[in-house]
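Working notes, beginning with the structure itself.
The values are calculated or read from the model by the stated rules, or taken from the named source; none is laboratory data. Model, not experiment: these values are computed from the prediction. We place every Cβ from the backbone using ideal geometry, glycine too, and count neighbours over all the protein chains shown. Note: areas computed on protein heavy atoms with side chains; ligands, DNA, RNA excluded. Shrake-Rupley method; radii C 1.70, N 1.55, O 1.52, S 1.80 Å.
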Amino acid sequence: MANTTSPPKYPAVQINRLQGTERFSIASLSLQADVLGFWQWSCSNLLGNTLRGQLAEYIVGLVVGCADGVRPEWDAHDLVWQDAHRQPIRIEVKSAAYLQSWHQEEHSAITFDIAKRKSWYAATNTYGATPERASDVYVFCLLHHDDKETVNPLDLAQWSFYAVSTHRINENFQLQQRIALGPLEQLHGSAFPFADLPTRIRAANVRV
């Protein structure tokens, strides 16, 4: 547990949202290379597992209005929705897809990570004492499109969503680390489209 009674020697850096036009430099000499070029190089494979997970967080953040800042690198949950109807909703976002960017002999099996972990809280720079699911709602995002010639992760019609309260996951899958699509649909019912996310997240926000 970090000591929070005195200021840290090296406090957190305030990260500002970049525009893409910021240029690399050598001391005071500005180069032609810019941040947009770096993004194009590093972030064009939206089918990759790591980047697709971040894209799913952004998609959920878009529809609930909390994707205008900078994505936290580490925190106990992915998003906090300051819902005007209720108190803030802590959201954990998980993604899966049938298609990958590499060669495949068959579609990927769909499972989502629901493992408990010792959470790190960015605001206080502390870890939780025991493993937990530190959210109010899980949103499971499935890129369900199954044709490699036409797959486009930016087309939100190619995604399906499930919203489940963390309480229900704890009740039904207490020690489980992953959940397959079949058990998820038994718990949740059928998937819903992008436009329904706000209503479904509110409905799933059961605090017990």
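Couple of notes before you dig in:
- Some residue of the stretch 135-145 being farther than 20 Å from residue 119 by Cα, of a type outside the set (Phe, Trp, Tyr) and in a loop (DSSP other than H, G, I, E, B): yes
- For the stretch 13-24, residues that are exposed (fewer than 10 other Cβ atoms within 10 Å of the Cβ) and without any contact (Cβ under 8 Å) to a residue 24 or more places away in the chain total 4.
- Filtered residues of the stretch 173-206 (kept if free of Cβ contacts under 8 Å to residues at least 60 places away in the same chain, surrounded by 12 or more Cβ atoms within 10 Å (Cβ to Cβ) and under 14 Å from residue 160 (Cα atoms)): 185, 188, 191, 192, 193, 196, 200
- Checking each residue in the stretch 25-36 for being outside any loop (DSSP other than H, G, I, E, B) and open to solvent by 100 Å² or more (accessible area, probe 1.4 Å) picks out 26, 29, 32.
- Within the stretch 73-107, restricting attention to residues that are farther than 30 Å from residue 149 by Cβ and touching an Asp or Glu at 6+ places or on another chain (Cβ under 8 Å), the residue that is most open to solvent (accessible area, probe 1.4 Å) is 90.
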